[in-house]
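The values are calculated or read from the model by the stated rules, or taken from the named source; none is laboratory data. From a predicted model like this one, the values you see are computed outputs, not experimental measurements. All Cβ positions, even for glycine, are placed from backbone atoms using ideal geometry, and neighbour counts span all protein chains on display.
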Amino acid sequence: MPLKDALLPDVDRELGATRRLLERVPGDRLAWRPHEKSMSLGQLATHLAGIPRWGALAMQTTEYDMAEGPAGPASVASLQEILGLFDRNAGTMRGQLEQAGSDGPLLARWTLTKDGQEVFSLPRVEALRILVMNHLIHHRGQLTVYLRLLGVPLPPTYGPTADEP
């Protein structure tokens, strides 16, 4: 089985769970933050929506220098913009992964640098796991805490929640 065929179901599951959670973000509370040092709800949701762009970036390039600028927008003005950003980024990433004709592109090295200094260099499939999947899951968990604090019912992710079966 090609590596991409093993990855796509996991990618689809995590992207779907993320989309369902982002849909719950109250658009009138985007400026809210649980602590002065925390990102606002809108910043966190926008960051989460931008994470799949890293997957497309990893699939399209062999190296990225973080000094070149942010990998996505700093913030957006509405929930609809956040959902649109997520849909575009997720669709592009998934399309890039789906187009990998063989395992070669997924096993090729991908390097992340900052100001020309290597942060890490590893097979593209591992970069996808770290930069996209683990990163997405981490910030999705963070978003569930924000939403819980705001009294927003949480959708099921890996099974029932206290709010929904």
Open item on the list: Please count how many residues of the stretch 125-165 are part of a helix (DSSP H, G or I), under 19 Å from residue 42 (Cα atoms) and among the β-branched types (Val, Ile, Thr).
Closed with: 3
Task: Lone unmet requirement of (1) in a helix (DSSP H, G or I); (2) modelled with pLDDT under 95 for residue 72 - done: (1)
- [ ] Could you grab me the full set of residues in the stretch 137-165 that are in contact with an Asp or Glu (Cβ under 9 Å, 6 or more places away or on another chain), within 18 Å of residue 33 (Cβ to Cβ) and among the β-branched types (Val, Ile, Thr)?
- [x] 152
Task: Test for residue 33: is it surrounded by 13 or more Cβ atoms within 10 Å (Cβ to Cβ), free of Cβ contacts under 8 Å to residues at least 60 places away in the same chain and among the charged types (D, E, K, R) - done: yes
Open item on the list: Tell me whether the stretch 78-87 contains one or more residues that are acidic (Asp, Glu) and under 25 Å from residue 148 (Cβ atoms).
Closed with: yes
TODO: Taking the options 140, 148, 94, name whichever one is over 17 Å from residue 30 (Cα atoms), of a type in the set (Lys, Arg) and surrounded by 14 or more Cβ atoms within 10 Å (Cβ to Cβ).
DONE: 94
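Table: residues versus (1) of a type outside the set (Lys, Arg); (2) within 20 Å of residue 93 (Cβ to Cβ); (3) in a loop (DSSP other than H, G, I, E, B).
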site	(1), (2), (3)
21	yes, yes, no
25	yes, no, yes
33	no, no, yes
37	no, no, yes
45	yes, yes, no
48	yes, yes, no
51	yes, yes, no
57	yes, yes, no
Open item on the list: Could you check the stretch 96-109 and list, in sequence order, the residues that are within 18 Å of the chain's Cα centre (by Cα) and either at pLDDT 95 or above or of a type in the set (S, T, N, Q) (or both)?
Closed with: 96
